[in-house]
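Written out below as structure tokens is the structure these notes cover.
The values are calculated or read from the model by the stated rules, or taken from the named source; none is laboratory data. If you're wondering where the values come from, they're calculated on a predicted model, not measured in any experiment. Cβ: placed from backbone, ideal geometry, glycine included. Neighbour counts: every protein chain shown.
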Amino acid sequence: MATDWLGSVVSINCGLTLGVYQGEVSSVDHASQTISLRQPYHNGTRCPVPEVTFSATDIKELKFLDIQNTTNKPSTDRRAAAEPSFMPSVHHGHSHRVAQPHVTSSSSHSSNAPITILRRAPTGSSNSRGATQAIPKKPSVRNGGAGGSMRPKDDECFRDGTDEDLDADFDFEGNLALFDKAAVFSQIDGTNRHGNRAQHHSMPGDQKPLSYRHDENILEGKPVIYRQITVPQHGGKEYCTDSGLVVPSVPYELHKRLLAAAERWGLSFERRLETVGVCSSQMALTLLGGPNRLTPKNVHQRPTVVLLCGPHIQGAQGISCGRHLANHEVEVILFLPNFLKMHESVTSEVTLYSRSSGKQVASIKDLPASPVDLVINCLDCHENGLLREQSWYKSAADWANQNRAPVLSIDPAVSEQHQTVEAKWTLSLGLPLPLAEAESRVYLCDIGIPKSVFQEVGIHYHSPFGCKFVIPLHSA
């Protein structure tokens, strides 16, 4: 009887797809043609379930590794037991061999039916899958279709032995506890667990420098001196740059002496005028939107700038700025009344401006009534404060304040009174003048005066501009 082999250790080969199972025979069911193994091993790995049940159609080969009660049974009975009644179509592949103390018997079975393994859960288990669960498995087919070829080597390397491990939960906390985070980070930042700096010695007496973080400077420099500009006559107000450098203001008399000394050393008024025009136009282009506004694809929305200029040096600086803006495809409108007497620099700048695409008007009525993109104010003069009382000046100032466009004032005059034109930005030249308190943001322009020229008028100077020609100043 096949039941006589209960407790024997057998090896069941289910083919390349399901692999080989070993275990102790726990039951043989004649009705359902199944055999069950307790404490099974799959391809040499302990199965996570206590018992596995096989159908007769799934078994390719069955070997007995250890037969119980061999002393009371003849060898002929062993052959009959090796052919249990639940396997009616078994064909013997080769003769049986008897070994001491083990007996091995093999048989083979061929079937094209779907392969099924019946897994029986342990008694009293709380598993919601039930007492018995069927897991269907199909042979793997390669190359996309039923006509594909099997790859046994790939299955052995990448597929066998994986299904049984899916039921086991991975211990994340236990695995994470194996990682000593403090020790690793102490090696990275060069500190031990007590927070002390790690010092390395290559040779006795030779000590390497301390290790540094990514945001620490490895070069030991001198302390930064933020007051690098000192003046003999203080204007009464101080500014500071974005990097913290102090820039003092100077009275207009000292500023005038500085410009005169620069002209004696070859920095003529014309060269300074062109520098102011370039730097102020660059600042205006940035205020207009820069590359986001001035692109070849945006020619139908070119910005409009109105220049308000007087018949003096400050007016000439504004006209130079307007010429550079017109060269950069900006719609420029120059307001300059028909004066009987103008500074010669204004006349020459108007001649150059007339060769550009900019427009020129002499009456406030010819200025746009709708808001423009930017207004550049160059109405004030350092030498003549009476211009504010003239009608053309008042009309231009009223238009600027009513246009609701932002205003940029270039080199405004020093005045204790509130500025006539409310400017959003103010551009000073070389060194700032003590301007009246206002909401205007002050900028400083580098006009190219050498350091030795500053020293000639008693100013200890170190350039605060860095890599720029126009920098913002903040009230200190």
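General remarks:
- Residues in the stretch 367-391 that are without any contact (Cβ under 8 Å) to a residue 24 or more places away in the chain and assigned to a helix (DSSP H, G or I): Leu386, Glu389, Ser391.
- Residue satisfying all of: in the stretch 398-431; out of contact with any strand residue (DSSP E or B) (no Cβ under 8 Å at 6 or more places or on another chain) and of a type in the set (Gly, Ala, Ser); farthest from Ile333 (Cα to Cα) among these: Ser415
- Given (1) buried (at least 17 other Cβ atoms within 10 Å of the Cβ); (2) of a type in the set (D, E, K, R); (3) not in a helix (DSSP H, G or I), index of the condition Glu329 fails: (1)
- Residue in the stretch 265-286 that is of a type outside the set (A, V, I, L, M, F, W, C), without any contact (Cβ under 8 Å) to a residue 12 or more places away in the chain, under 27 Å from Val231 (Cβ atoms) and surrounded by fewer than 20 Cβ atoms within 10 Å (Cβ to Cβ) present: yes
- Counting only residues that are touching a residue at least 24 places away in the same chain (Cβ under 8 Å) and among the charged types (D, E, K, R), the stretch 417-472 holds 3 of them.
Per-residue answers, yes or no, for (1) modelled with pLDDT under 95; (2) out of contact with any helix residue (DSSP H, G or I) (no Cβ under 8 Å at 6 or more places or on another chain); (3) assigned to a loop (DSSP other than H, G, I, E, B); (4) not assigned by TED's automatic domain parsing to the domain that holds His382:
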site: Ser202; (1), (2), (3), (4): yes, yes, no, yes
site: Leu210; (1), (2), (3), (4): yes, yes, yes, yes
site: Arg213; (1), (2), (3), (4): yes, yes, yes, yes
site: Ile218; (1), (2), (3), (4): yes, yes, yes, yes
site: Val224; (1), (2), (3), (4): yes, yes, yes, yes
site: Gln228; (1), (2), (3), (4): yes, yes, yes, yes
site: Pro232; (1), (2), (3), (4): yes, no, yes, yes
site: Ala262; (1), (2), (3), (4): no, no, no, no
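- The residues of the stretch 33-70 that are among the polar types (S, T, N, Q), in contact (Cβ under 8 Å) with a residue 24 or more places away in the chain and farther than 13 Å from Trp5 by Cα, listed by number, are Gln33, Thr34, Asn43, Thr45, Thr53, Ser55, Thr57.
- Leu294 meets the stated requirement of being assigned to a loop (DSSP other than H, G, I, E, B) and closer than 30 Å to Gln402 by Cβ.
- Single residue of the stretch 288-301 satisfying the filter (surrounded by fewer than 18 Cβ atoms within 10 Å (Cβ to Cβ) and in contact (Cβ under 8 Å) with a residue 12 or more places away in the chain) that is farthest from the chain's Cα centre (by Cα): Val299
- The stretch 432-457: number of residues that are in a loop (DSSP other than H, G, I, E, B), out of contact with any strand residue (DSSP E or B) (no Cβ under 9 Å at 6 or more places or on another chain) and not aliphatic (A, V, I, L, M): 4
- Any hit, the stretch 420-432, residues being surrounded by fewer than 13 Cβ atoms within 10 Å (Cβ to Cβ) and either at pLDDT below 95 or over 23 Å from Gly290 (Cβ atoms) (or both): no
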